[in-house]
1. Restrict the check to region 170-177 and report whether at least one residue is over 14 Å from the mean Cα position of the chain (by Cα), part of a helix (DSSP H, G or I) and crowded, with 22+ Cβ neighbours inside 10 Å.
2. I'd like the full set of residues that are touching a residue at least 24 places away in the same chain (Cβ under 8 Å) and either part of a helix (DSSP H, G or I) or of a type in the set (S, T, N, Q) (or both), limited to region 125-139.
3. Give the residues of region 96-124 that are touching a helix residue (DSSP H, G or I) at 6+ places or on another chain (Cβ under 8 Å) and in contact (Cβ under 8 Å) with a residue 60 or more places away in the chain, sorted by residue number.
4. Need the failing condition index for F108 against (1) closer than 21 Å to C36 by Cβ; (2) aromatic (F, W, Y); (3) crowded, with 22+ Cβ neighbours inside 10 Å, just the number.
5. Would it be correct to say that L145 is in contact with an Asp or Glu (Cβ under 7 Å, 6 or more places away or on another chain), over 23 Å from S172 (Cβ atoms) and surrounded by fewer than 22 Cβ atoms within 10 Å (Cβ to Cβ)?
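Throughout, read-outs are computed from the coordinates displayed, never taken from laboratory work. Fair warning: this is a prediction, and the values are worked out from it, not measured in the lab. Backbone-built Cβ (ideal geometry, glycine too); neighbour counts: all protein chains shown.
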Amino acid sequence: MLCSTYSEQSVFILESDGENVECHVYYEGDDDPEKCTARRLEKFDEAILYRKMAQVPYGVVLNPHAEQALSPADREEGLETLVALDCSWESAEEAAFRMNGVHRALPFLVAANPINYGRPFQLTTVEALAGALCLFDEWERAEALLEPFRWGDTFLTLNEEPLQRYSECTDSSEVVAVQDDYLADDEPTD
């Protein structure tokens, strides 16, 4: 598996206005509202939720089924808008590919959320978004998004080394090579 999947599948859009990065969420509302990180981001004024896919601007779609990994090069190419999807797992793959934009997969990261703690690739939406921000060297913004979650700091601690290494890569192939190092370390030995 190339990318991180996230259990809530929320659409986040990040736009840099030179000072702040704004989050907008495409939100279908078919998950548990108590566990939905997108709704919590809205509650803390970190995101705006949208219900129509047509409102989502062009950008980098965080798609767990994409063939190319997210890398710092995506931001250097002017792709400063990040998009993720909030829907049921049954419709996630189809819905993600309907999103307009450049589809990229997150590399190997470990979840810190209470439901999937310690599981690779099982991120909540806010974890996926924070991971993408770190790859784009937006560490402070990632910390701000994670602040409302009691496990938010744990996500950055668990993934500090890989996130740092990914953020130093120049392109997707380098990100995949770094990911392969972690996946090789994660394989059982005979």
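1. Taking every residue of region 170-177 in turn, at least one turns out to be over 14 Å from the mean Cα position of the chain (by Cα), part of a helix (DSSP H, G or I) and crowded, with 22+ Cβ neighbours inside 10 Å.
2. If the condition is that a residue be touching a residue at least 24 places away in the same chain (Cβ under 8 Å) and either part of a helix (DSSP H, G or I) or of a type in the set (S, T, N, Q) (or both), then T125, V126, E127, A128, L129, A130, G131, A132, L133, C134, L135 are the ones that fit.
3. M99, R104, L106, P107, F108, L109, N113, P120, L123, T124 - these are the residues of region 96-124 that are touching a helix residue (DSSP H, G or I) at 6+ places or on another chain (Cβ under 8 Å) and in contact (Cβ under 8 Å) with a residue 60 or more places away in the chain.
4. (1)
5. No, not satisfied.
Listed here are the residues, each with its yes/no results for (1) assigned to a loop (DSSP other than H, G, I, E, B); (2) not hydrophobic (A, V, I, L, M, F, W, C).
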position: L41; (1), (2): no, no
position: D45; (1), (2): yes, yes
position: A54; (1), (2): no, no
position: E67; (1), (2): yes, yes
position: A73; (1), (2): no, no
position: E80; (1), (2): yes, yes
position: E93; (1), (2): no, yes
position: R104; (1), (2): no, yes
position: P114; (1), (2): yes, yes
